[in-house]
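First up is the structure itself, then whatever we jot down about it.
The values are calculated or read from the model by the stated rules, or taken from the named source; none is laboratory data. These figures come from a predicted structure and were not determined experimentally. Glycine gets a Cβ as well: all are built from the backbone with ideal geometry, and neighbour counts include every protein chain shown.
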Amino acid sequence: DAGITQSPRYKITETGRQVTLMCHQTWSHSYMFWYRQDLGHGLRLIYYSAAADITDKGEVPDGYVVSRSKTENFPLTLESATRSQTSVYFCASSTQTNTGELFFGEGSRLTVL
Amino acid sequence: QKEVEQNSGPLSVPEGAIASLNCTYSDRGSQSFFWYRQYSGKSPELIMFIYSNGDKEDGRFTAQLNKASQYVSLLIRDSQPSDSATYLCAVNPLTGTASKLTFGTGTRLQVTL
């Protein structure tokens, strides 16, 4: 039972490059989320998706793009990475009826040089 | 202005003692409240949720909610070294979706031998 997996776990890239972080869940949860976690800011929502082909912005969406063509996948793309996007990124999922019980992936640590 | 406030700690308690973690929130209309535990370098995991005023107990954990005073707390009885982690408070102003869930920055708990 893999649950929710993220890849890559660690990534170093340069300013201006495009980066895609992958997220895959095996539970068929309706909702999927992307958070970033930074010291002093806690977890902040970037984008979320209520179902396939339905996505919406969270608190800090600028500089990020998401898609959800299949229920189980929710990739996050940084179209032109900036140093301020250096962070730990967590993908999470939840069932349709849960209001806050999130199941998190292991996280992807991204460093932008 | 932060919407969910937590003391960053570290909160140090001896093994076997009661650890008390506190969280205040600004949105008086908040509906549901969550405590997540995050070990260093790992992803958050849900340990408790509470919706109604009062206490909710689950094993060694008790969540307390006081909506009038806008605070929620987590008590850990018989603290163990394995409880050493960062505890994230999360508050949701809505029901039915986790898209507005707001996290505090977390309190780091250290349980000493």
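Within the range B:57-74, being under 15 Å from B:Thr107 (Cα atoms) and β-branched (Val, Ile, Thr) holds for one residue alone: B:Val72. Residues in the range B:11-30 that are within 14 Å of another protein chain (Cβ to nearest Cβ) and either more than 23 Å from B:Asn53 (Cα to Cα) or among the aromatic types (Phe, Trp, Tyr) (or both): B:Tyr25 alone. For the range A:77-87, residues that are without any contact (Cβ under 8 Å) to a residue 60 or more places away in the chain, surrounded by 17 or more Cβ atoms within 10 Å (Cβ to Cβ) and not small (Gly, Ala, Ser) total 1.
Taking the condition closer than 30 Å to A:Arg9 by Cα, more than 14 Å from chain A (Cβ to nearest Cβ) and either in contact with a Lys or Arg (Cβ under 7 Å, 6 or more places away or on another chain) or without any contact (Cβ under 8 Å) to a residue 40 or more places away in the chain (or both), does B:Ser8 pass? No: the conditions fail for B:Ser8. Among the candidates A:Phe74, A:Phe103, which residue alone is modelled with pLDDT of 95 or more and either crowded, with 16+ Cβ neighbours inside 10 Å or touching a Pro at 6+ places or on another chain (Cβ under 6 Å) (or both)? Among A:Phe74, A:Phe103, only A:Phe74 is modelled with pLDDT of 95 or more and either crowded, with 16+ Cβ neighbours inside 10 Å or touching a Pro at 6+ places or on another chain (Cβ under 6 Å) (or both).
Name the strands (runs of 3 or more DSSP E) wholly inside the range A:70-113 in which the number of residues that are more than 10 Å from chain B (Cβ to nearest Cβ) is 3 or more.
Answer list for the range A:70-113: A:76-78, A:108-112.
If I filter the range B:69-90 for residues that are more than 18 Å from B:Ser20 (Cβ to Cβ), more than 7 Å from chain A (Cβ to nearest Cβ), surrounded by 21 or more Cβ atoms within 10 Å (Cβ to Cβ) and in contact (Cβ under 8 Å) with a residue 40 or more places away in the chain, do I get at least one hit? No; the residues of the range B:69-90 include none that is more than 18 Å from B:Ser20 (Cβ to Cβ), more than 7 Å from chain A (Cβ to nearest Cβ), surrounded by 21 or more Cβ atoms within 10 Å (Cβ to Cβ) and in contact (Cβ under 8 Å) with a residue 40 or more places away in the chain.
B:Asn53 satisfies every condition listed in (1) surrounded by fewer than 14 Cβ atoms within 10 Å (Cβ to Cβ); (2) within 14 Å of another protein chain (Cβ to nearest Cβ); (3) not basic (Lys, Arg) except (2). Listed by position, the strands (runs of 3 or more DSSP E) contained in the range A:3-60 that have at least 2 residues being over 14 Å from A:Gly107 (Cβ atoms) are A:10-13, A:19-25, A:31-38, A:42-51, A:54-57. Pairing each residue of the range A:24-45 that is of a type in the set (Val, Ile, Thr) with any residue that is surrounded by 15 or more Cβ atoms within 10 Å (Cβ to Cβ), provided the two are 6+ apart or on different chains, yields C-beta distances under 7 Å for A:Thr26/A:Glu72. For the list (1) within 12 Å of chain B (Cβ to nearest Cβ); (2) of a type outside the set (Asp, Glu); (3) in contact with an Asp or Glu (Cβ under 8 Å, 6 or more places away or on another chain), I need the number of the one condition that A:His41 fails. With respect to (1) within 12 Å of chain B (Cβ to nearest Cβ); (2) of a type outside the set (Asp, Glu); (3) in contact with an Asp or Glu (Cβ under 8 Å, 6 or more places away or on another chain), A:His41 is out only on (3).
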